[in-house]
Amino acid sequence: MKQVVAVILAAGKGTRMRSDTPKALCELAGRKMIEFLLDICRSAGTARTIVVGGYGIDALKKFLNGSDAEVIRQKRLLGSADAVKQAAARLKGFSGIVLVLYADTPLLKASTIRRMVKAHVSKNADLTLLTAVVEDAKQYGRIIRDNNGYIRGVSEFTESGDADPSLSLEINVGAYCFDAKKLFSGLNFINRNAKKNEYYLTDIVEFFYKNKFKLQACKVNDNEEALGVNSKDDLSVADEILRRRVFERLAKGRVTIIDRSSVYISDNVRVGRGTIIYPFVVIEKDVRIGPDCKIGPFANLRKGTVLKKGSQVGNFVEVTRSIIGENSRVKHHSYIGDTLIGKYVNIGAGTITANYDGKAKNNTIIEDSAFIGSGTILVAPVKIGRRAVTGAGSVVTKGRDVASGTIVTGVPARRLYKT
């Protein structure tokens, strides 16, 4: 199979979003829109991913720093064809497949793009467009076919007026597979749109048709994928769809969510089977939860949290950048930050890990079978040994580690005796 290079168009300001944030960095289901497209590219097995930025490119570069994507600048925002042309300059000599995606189509499924790439290869096509047939096509570009049913162009939607209403309800979703050499050649024949003063990538379809290149459509199985995010309303609709997909995925994995309407779970969270999530729980991105856990109600699991098998996080508990070991419990009114908790640990109500000293975040370690009394404050960095006990209201100060099997109490905590 030919190599596939992805080009993600992310240069637009998104004026209808009414935000200073670049559209590609707007959040959906706890993640940036651009992240969904990068996931798709990885799933499609792209050899290289180029993100074309423009408005807010410094913020885009900062966010993507360390990722596997290359970010290049579209110096003047002259439309989608010009953006692809900027990427083409980086791909001289490439003769494989160019997958073009838009950053504002985060509802596309990886399985759909893989199917489109496969269809493009199997039919030896020069251009494969992703399309959908929808009931209301007013605000979408429409696919134009000739009398024989072959694709011959796209009637683009513009702000000043809808696409020709006499056209079919088959719309252009905004995902393409191109033969690289023919794409690079065709870009030179696209004229600037007189009304918008931009170069539309969709105009290349007519060029391909006139030159008898092989065009085909690949239709989505789920029309929700066709939704582009161009406004705050679109953002809300897309967020609801993605949240529903998360709940459906977790339900298939035998996770119980007591009240979906009050629970917020970020898109890339992983939860083991048998876990129960109670109402009013927020689970942010990059959280990993093992099987048979219990979470909530009123719990907040923030980025970097890991819950091992059988652990419990109860009401009004916040956990961030921490690991809670197997069968350990943090049941009431506690803050656990930058902490490693072992197995069979009990964290009493009102426990606080004081992880920030005003300059840096510091770590707390609580080893297996320790018992942390209600109202304990652990001033990091500090270590609580195996089977150690802190009395209610104790303050374990910075660097005053508690040895295994030791009972401490007081402010500051002092050893009573060793078990």
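FYI, it's all coordinate maths here, none of it is from the lab. What you are looking at is a predicted structure, and each value in this text was computed from that prediction instead of being measured. Counting neighbours? That spans all protein chains shown, and the Cβs are built from the backbone with ideal geometry, glycine included.
Which percentage, to the nearest 5, of the DSSP beta bridges contained in the range 4-226 is antiparallel? Intermediate results must be reported in sequence, preceding the final value.
On the way: 19 of 42 bridges.
About 45 percent, rounded to the nearest 5.
Go through 57-64, 365-372 and give me the packing order, highest mean Cβ count within 10 Å leading.
Values: 57-64: 17.1, 365-372: 21.8.
Highest mean packing first, the order is 365-372, 57-64.
For the range 232-418, give me the percentage of DSSP beta bridges that are antiparallel, rounded to the nearest 5 percent. Show your work: numbers first, answer last.
Numbers: 5 of 53 bridges.
Taking every DSSP beta bridge with both residues in the range 232-418, the antiparallel ones total about 10 percent.
About the Cα centre of the range 4-226, how large is the charge dipole given +1 on each Lys and Arg Cβ and -1 on each Asp and Glu Cβ? Please answer in debye to the nearest 20.
Details: 34 positive and 25 negative charges, 161 e Å.
Using only the charged Cβ atoms, the result is roughly 780 debye.
Just going by the charge dipole of the range 232-418, with Lys and Arg at +1 and Asp and Glu at -1 on Cβ, which of 307, 296, 246 is farthest out on the positive end?
Ranked along the dipole, the leading option is 307.
Would you mind telling me the antiparallel percentage of the DSSP bridges in the chain, rounded to 5?
On the way: 24 of 95 bridges.
Around 25 percent of the beta bridges assigned by DSSP in the chain are antiparallel ones.
Rg/Rh for the range 4-226 to two decimals, with Rh computed the Kirkwood way over all alpha-carbon pairs.
Values: Rg = 16.4 Å, Rh = 17.6 Å.
Taking Rh as the inverse mean 1/r over Cα pairs, Rg/Rh reads 0.93.
Order 235-241, 263-269, 336-342 from most to least packed using the mean count of other Cβ atoms within 10 Å. Numbers along the way, then the final one.
Working: 235-241: 17.1, 263-269: 20.3, 336-342: 22.3.
Sorting 235-241, 263-269, 336-342 by mean packing, highest first, produces 336-342, 263-269, 235-241.
Total Lys pairs in the range 232-418 closer than 14 Å by alpha-carbon, pairs eight or more apart in sequence or interchain only?
On the way: 285/303; 294/308; 294/309; 294/331; 308/343; 309/343; 361/398; 383/398.
Final tally of qualifying lysine pairs is 8.
Lys/Arg Cβ at +1, Asp/Glu Cβ at -1, dipole of the chain taken about the Cα centre: which of 122, 153, 345 is farthest positive-ward?
345
Considering only C-alpha atoms, what is the centroid distance from the range 354-419 to the range 249-310, in Å?
Rounded to whole Å, the Cα centres lie 28 Å apart.
Charges at C-beta only: +1 for Lys and Arg, -1 for Asp and Glu. How large is the resulting dipole of the chain about its Cα centre, in Debye rounded to 20?
Numbers: 66 positive and 42 negative charges, 298 e Å.
Magnitude of the dipole: close to 1440 debye.
Rounded to two decimals, what is Rg over Rh for the chain when you use alpha-carbon atoms and the Kirkwood radius? Please report the intermediate quantities before stating the final value.
On the way: Rg = 26.8 Å, Rh = 24.2 Å.
My calculation of the ratio gives 1.11.
Note the angle between two axes, namely the Cα long axis of helix 33-43 and the longest principal axis of the Cα atoms of the chain, as a number of degrees from 0 to 90, rounded to the nearest 10.
The angle comes out at about 80 degrees.
Can you tell me which of 291-297, 6-12 comes out highest on packing, and rank the rest after it, using the mean Cβ neighbours within 10 Å?
Working: 291-297: 20.3, 6-12: 27.0.
Highest mean packing first, the order is 6-12, 291-297.
Using only the alpha-carbon atoms, how far is helix 110-122 inclined from the longest principal axis of the chain? Give it as 0 to 90 degrees, nearest 10.
Helix 110-122 sits at roughly 40 degrees to that axis.
Using alpha carbons only, how many angstrom separate the centre of the range 36-52 from the centre of the range 70-130?
Going from one Cα centre to the other spans 10 Å.
Can you compute the label reach from residue 254? Point 7 Å from Cα along the Cβ direction, backbone N cut-off under 13 Å, restricted to the range 283-306.
Under cut-off, by backbone N: 291-293.
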